[in-house]
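S.K.: Quick one: this structure, given as structure tokens, is what I'll be asking you about.
The values are calculated or read from the model by the stated rules, or taken from the named source; none is laboratory data. This structure is a prediction, so every number in the text was calculated from the model and none was measured. Every residue, glycine as well, gets a Cβ built from its backbone with ideal geometry; the counts of neighbours run over all protein chains shown. Please note that ligands, DNA and RNA were not included when accessible areas were found on the heavy atoms of the full protein model with its side chains. Shrake-Rupley method; radii C 1.70, N 1.55, O 1.52, S 1.80 Å.
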Amino acid sequence: MSGALSGFTIVDLTQGLCGPFGSMRLGDAGAEVIKIEPLAGDCSRAMGPPFIGDESAVFLSLNRNKKSVALDLHTPEGQDLVRQLVTKADVLLEDLGPGKAEKLGLGYETLRVLNPNLVYCAISAFGEEGPLRDLPGAELVIQAMADYTNSLGRIGEAPVRTGTDVASINTG
């Protein structure tokens, strides 16, 4: 595929919406994206309707222009395969949660030894540091905490969620 990022390789350990949207954009710009899914598959495979046959339209749209392989990151073999891919990659995206990649031997400090030029992007709801770092996050939680939901709807009525995943898409 041609494009501004042709010749770049991305290793994508993300699931759901944020990371896959970001890596989809990199793939759209010509990068080779290698998506690593858990053995059960990316959680967005079940997001729907709509479905196209047995496939979630959400999953299909977010993961276009990608190569995909299923690995168990909790096994030494799966971790070793990711490390092998990283030696030839330009970028690694992960959304495993603060500290989780390090526990798997896939954190930045470990991978930069294998590839000093690697761009490492960790996506989490509340960042890698700080008092909220270990809390789970979701689109509605982020919208509410940003007080975005109070700006919609009618005065005196309950807050309203936006019709799109604003935080997730902008993160990606």
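S.K.: Within region 1-38, can you find the residues that are closer than 19 Å to LEU106 by Cα, of a type outside the set (A, V, I, L, M, F, W, C), touching a residue at least 60 places away in the same chain (Cβ under 8 Å) and not in a helix (DSSP H, G or I)? Spell out how you get there, then give the answer.
M.R.: Step one: filter region 1-38 for residues closer than 19 Å to LEU106 by Cα, giving 9-15, 19-20, 23, 33-38.
Now drop any that are not of a type outside the set (A, V, I, L, M, F, W, C), which leaves 9, 12, 14-15, 19-20, 23, 35, 37-38.
Applying the additional criterion that residues be touching a residue at least 60 places away in the same chain (Cβ under 8 Å) yields 9, 12, 14-15, 19-20, 23.
Passing the criteria: THR9, ASP12, THR14, GLN15.
S.K.: Using the structure shown, decide if ARG83 is touching a strand residue (DSSP E or B) at 6+ places or on another chain (Cβ under 8 Å), among the basic types (Lys, Arg), modelled with pLDDT of 85 or more and not in a loop (DSSP other than H, G, I, E, B).
M.R.: Working: touching a strand residue (DSSP E or B) at 6+ places or on another chain (Cβ under 8 Å): no; among the basic types (Lys, Arg): yes; modelled with pLDDT of 85 or more: yes; not in a loop (DSSP other than H, G, I, E, B): yes.
No, not satisfied.
S.K.: A further question follows. Can you work out which of the residues in region 25-36 that are open to solvent by 10 Å² or more (accessible area, probe 1.4 Å) and in contact with a strand residue (DSSP E or B) (Cβ under 9 Å, 6 or more places away or on another chain) is nearest to ALA125 (Cα to Cα)?
M.R.: For region 25-36, the residue satisfying everything is LEU26.
S.K.: Taking into account only those residues within region 56-74 that are open to solvent by 70 Å² or more (accessible area, probe 1.4 Å) and part of a strand (DSSP E or B), which is farthest from ASP28 (Cα to Cα)?
M.R.: Taking the candidates together, the pick is SER68.
S.K.: Kindly list the number of the only condition in (1) open to solvent by 70 Å² or more (accessible area, probe 1.4 Å); (2) touching a strand residue (DSSP E or B) at 6+ places or on another chain (Cβ under 9 Å); (3) not in a helix (DSSP H, G or I) that fails for GLY48.
M.R.: Among (1) open to solvent by 70 Å² or more (accessible area, probe 1.4 Å); (2) touching a strand residue (DSSP E or B) at 6+ places or on another chain (Cβ under 9 Å); (3) not in a helix (DSSP H, G or I), the lone unmet condition for GLY48 is (1).
S.K.: Could you grab me the full set of residues in region 86-96 that are assigned to a strand (DSSP E or B) and either among the basic types (Lys, Arg) or open to solvent by 20 Å² or more (accessible area, probe 1.4 Å) (or both)?
M.R.: Within region 86-96, the first condition is being assigned to a strand (DSSP E or B), and the residues that meet it are 91-94.
Result: VAL91, single match.
S.K.: Give me the residue from region 132-160 that is within 22 Å of the chain's Cα centre (by Cα) and assigned to a loop (DSSP other than H, G, I, E, B) and, out of that set, surrounded by the fewest Cβ atoms within 10 Å (Cβ to Cβ).
M.R.: Applying the first criterion (within 22 Å of the chain's Cα centre (by Cα)) to region 132-160 yields 132-146.
Applying the additional criterion that residues be assigned to a loop (DSSP other than H, G, I, E, B) yields 132-138, 146.
Numbers: LEU132: 13, ARG133: 14, ASP134: 12, LEU135: 11, PRO136: 9, GLY137: 17, ALA138: 13, ALA146: 12.
For region 132-160, the residue satisfying everything is PRO136.
S.K.: Out of all the residues in region 97-121, which are open to solvent by 40 Å² or more (accessible area, probe 1.4 Å) and either at pLDDT below 95 or not in a loop (DSSP other than H, G, I, E, B) (or both)? Even if it seems obvious, please write down each step before you answer.
M.R.: If we filter region 97-121 for residues that are open to solvent by 40 Å² or more (accessible area, probe 1.4 Å), which is where we start, we get 100, 102-103, 108-110, 112-114, 116-117, 119-121.
If the condition is that a residue be open to solvent by 40 Å² or more (accessible area, probe 1.4 Å) and either at pLDDT below 95 or not in a loop (DSSP other than H, G, I, E, B) (or both), then LYS100, GLU102, LYS103, TYR108, GLU109, THR110, ARG112, VAL113, LEU114, VAL119, TYR120, CYS121 are the ones that fit.
S.K.: For the condition in contact (Cβ under 8 Å) with a residue 40 or more places away in the chain, out of contact with any Phe, Trp or Tyr (no Cβ under 8 Å at 6 or more places or on another chain) and within 21 Å of ASP42 (Cβ to Cβ), what is the one hit in LEU85, LEU140?
M.R.: Every option except LEU85 fails the conditions.
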